[in-house]
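Quick notes on the structure that follows.
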Amino acid sequence: MDRADVDARIRSLIEPFNKKGIAIAEATTFAGDLEFDSLTVMDFVAAIEDEFDIIISMNQQAEIENFGQLIDAVCKLQDD
Amino acid sequence: MTDLFSKFDPLIEMRANLLASGVEDPFSLVMEKVLSPTRAICNGRDTILLGTYNYMGMTFDPDVIAAGKDALDRFGSGTTGSRVLNGTYQGHKECEEALKEFYAMDHAMVFSTGYQANLGIISTIAGKEDYIILDIDSHASIWDGCSLGNAQVVPFKHNDIDAMEKRLKRVPEGAGKLVVLEGVYSMLGDIAPLKEMIAIAKANGAMVLVDEAHSMGFIGPNGRGVAEEQGVLDEVDFVIGTFSKSVGTVGGFCVSNHPKFEVMRLVCRPYVFTASLPPSVVATAATSIRKLMQGQEKRAHLWENSRTLHGGLKALGFTLGTESPQSAIIAVIMPDLERGAAMWEALLKEGLYVNLARPPATPANMTLLRCSLCAEHSAEQVQAILGMFERAGRATGIIG
């Protein structure tokens with residue numbers, strides 16, 4: 001799966017969590033722009049983990065602040 | 001200069017707003033006198049205690065108190081040293097013997113608090129390449145144990161067996177795995193499906209740690225906790241517990257059958273780099289633990305109290321944390337912090353103390369009035385408590 005595919009799939013996964021309909025760009029941040037609280041983060045991460053059959057540990061999550069970083073992290077986890 | 005305290009401004013403001021409404025401060029109650037495990041003078045009022053973790057009412061047991069006084073006379077007020085240097089007295093060993101007997105396990109290690117037991121064991125056994133798979137609603141001491149160590153931390157949705165299994169199966173081949181569960185989750189008072197979860201953990205090659213802080217003394221045929229109740233205690237690698245609940249003093253412990261367990265005493269920093277418990281504390285703990293082995297009647301009465309209070313509150317129209325009573329904790333869900341604080345104050349004025357719990361301690365941002373029962377609450381007290389809840393609930397509009 002290339003980066004564009006990962007991007008497209010995560011874009012559709014994020015929709016139910018994007019309550020205010022914020023336009024998603026590479027630099028869109030989860031805590032700031034999307035106002036995700038810890039519960040939302042857990043559900044969103046679980047959705048991604050199940051979709052791609054990967055683990056994104058909390059240690060890895062700490063490094064991910066925006067949408068672009070998430071796409072990169074998922075691409076990398078898939079290759080591992 | 002940046003004021004390092006400015007990050008706390010939102011919390012300071014929230015608290016100021018709450019107190020501006022005229023409510024008594026729920027987080028600075030003082031007990032001027034403690035009359036028994038179930039009664040105290042709080043802020044000047046004679047109050048029934050329904051928000052302590054004194055599940056088995058051991059704090060005023062005459063044998064427990066006598067053991068503490070005797071140890072104070074014979075061994076002094078404190079050890080002034082670490083367990084691994086000058087801080088292991090005869091009483092610490094006797095306390096560990098009592099624990100080994102209570103759980104029928106090979107090894108027991110006593111820490112200065114339950115918090116340190118989780119902090120120490122979790123951070124020490126799970127190293128950099130290992131994975132900790134844990135319930136998202138785990139206690140702060142478990143999370144802090146994860147933070148203190150270097151392992152990869154992977155949470156799953158509360159009590160969700162499938163979510164746990166999926167994550168376990170995705171852990172890279174060959175990595176060490178520690179599954180961390182609790183017997184009773186203290187916020188809602190619900191129990192874990194340990195039988196199913198532990199079977200899955202074992203099938204996937206994980207070691208299992210279960211925190212039984214809120215179940216020791218009264219859940220399970222011998223009061224060993226939820227794992228015993230569900231018949232899977234033999235499968236648990238590490239049981240974490242505390243002396244500050246049913247045992248009725250302070251301190252924490254880990255019991256285990258792992259053949260190399262004793263090495264923990266050398267490598268576990270929250271065990272090594274702190275002073276050991278005072279002699280009087282370990283003496284009261286050991287005496288209390290031995291008495292809890294014979295606690296069948298008290299356990300039965302505590303369950304009866306839990307069923308009566310749960311059924312009564314439900315009949316009055318309160319929303320509760322669990323459909324049925326699962327432990328000695330019954331959580332009453334409040335619509336928001338303001339009304340929760342108003343209800344808490346109305347109960348206090350009625351002469352009842354419960355715990356007001358709010359985020360971030362609570363799951364799903366809930367405000368809770370947590371009731372924790374004691375084996376020493378009489379049937380009459382439980383009825384009196386229901387009357388207080390009814391009056392306070394109607395006065396504050398929580399129930400119709």
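The values are calculated or read from the model by the stated rules, or taken from the named source; none is laboratory data. Since the model is a prediction, treat every value here as computed from it, not as a measurement. No Cβ is skipped: glycine too gets one built from the backbone with ideal geometry, and neighbour counts run over all protein chains shown. Accessible surface areas use protein heavy atoms only, side chains included; no ligands, DNA or RNA. Shrake-Rupley method; radii C 1.70, N 1.55, O 1.52, S 1.80 Å.
Give B:Arg339, B:Arg358, B:Arg307 a once-over and let me know the one that is under 19 Å from the mean Cα position of the chain (by Cα) and more than 14 Å from chain A (Cβ to nearest Cβ).
Working: B:Arg339 fails: under 19 Å from the mean Cα position of the chain (by Cα); B:Arg307 fails: under 19 Å from the mean Cα position of the chain (by Cα).
Within the list B:Arg339, B:Arg358, B:Arg307, the selection yields B:Arg358.
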Exercise for the section: Quick one: in the stretch A:6-55, of everything that is part of a helix (DSSP H, G or I) and of a type in the set (Ser, Thr, Tyr), which residue is surrounded by the most Cβ atoms within 10 Å (Cβ to Cβ)? Expected result: A:Thr40
Problem - Of all residues making up the stretch B:213-249, the number that are among the aromatic types (Phe, Trp, Tyr) and not in a loop (DSSP other than H, G, I, E, B) - result: 1
Exercise for the section: Go through the stretch A:39-59 and give me each residue that's at the interface with another protein chain (Cβ under 8 Å from one of its Cβ atoms) and more than 18 Å from A:Ser12 (Cα to Cα). Expected result: A:Leu39, A:Ile55, A:Ser57, A:Met58, A:Asn59
Practice task
Would you check if B:Ile399 is more than 19 Å from the chain's Cα centre (by Cα), in a loop (DSSP other than H, G, I, E, B) and among the β-branched types (Val, Ile, Thr)?
Solution key: yes
Exercise for the section: Can you confirm whether the stretch B:161-180 contains a residue that is part of a strand (DSSP E or B) and in contact with a Cys (Cβ under 7 Å, 6 or more places away or on another chain)? Expected result: no
Handout entry: Checking B:Gly76 against (1) modelled with pLDDT of 95 or more; (2) surrounded by 19 or more Cβ atoms within 10 Å (Cβ to Cβ), the condition it does not meet
Key = (2)
Practice task
Name, by its number, the condition in (1) modelled with pLDDT of 95 or more; (2) out of contact with any strand residue (DSSP E or B) (no Cβ under 8 Å at 6 or more places or on another chain); (3) over 16 Å from B:Leu277 (Cβ atoms); (4) outside any loop (DSSP other than H, G, I, E, B) that does not hold for B:Met56.
Solution key: (4)
Practice task
Go through the stretch B:287-345 residue by residue and tally those that are touching a residue at least 24 places away in the same chain (Cβ under 8 Å), outside any strand (DSSP E or B) and among the aliphatic types (A, V, I, L, M).
Solution key: 12
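Only one of B:Leu309, B:Leu316, B:Leu277, B:Leu337 is buried (at least 23 other Cβ atoms within 10 Å of the Cβ) and either over 26 Å from B:Phe111 (Cα atoms) or among the aromatic types (Phe, Trp, Tyr) (or both). Can you tell me which? Break it down stepwise before answering.
Details: B:Leu316 fails: buried (at least 23 other Cβ atoms within 10 Å of the Cβ); B:Leu277 fails: either over 26 Å from B:Phe111 (Cα atoms) or among the aromatic types (Phe, Trp, Tyr) (or both); B:Leu337 fails: buried (at least 23 other Cβ atoms within 10 Å of the Cβ).
Selected residue: B:Leu309, the only one of B:Leu309, B:Leu316, B:Leu277, B:Leu337 that is buried (at least 23 other Cβ atoms within 10 Å of the Cβ) and either over 26 Å from B:Phe111 (Cα atoms) or among the aromatic types (Phe, Trp, Tyr) (or both).
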Completion exercise
Going through the stretch B:108-128 in order, the residues found to be in contact with a Pro (Cβ under 9 Å, 6 or more places away or on another chain), open to solvent by 20 Å² or more (accessible area, probe 1.4 Å) and either part of a strand (DSSP E or B) or within 13 Å of chain A (Cβ to nearest Cβ) (or both) are none
Fill in the blank from the handout: All-but-one check, A:Glu26 against (1) touching a Gly at 6+ places or on another chain (Cβ under 7 Å); (2) free of Cβ contacts under 8 Å to residues at least 24 places away in the same chain, failing number (2)
Practice task
Being under 20 Å from A:Gln60 (Cβ atoms) and surrounded by fewer than 18 Cβ atoms within 10 Å (Cβ to Cβ) is the filter; apply it to the stretch B:145-169 and report the residue that is farthest from the other protein chains (Cβ to nearest Cβ).
Solution key: B:Leu148
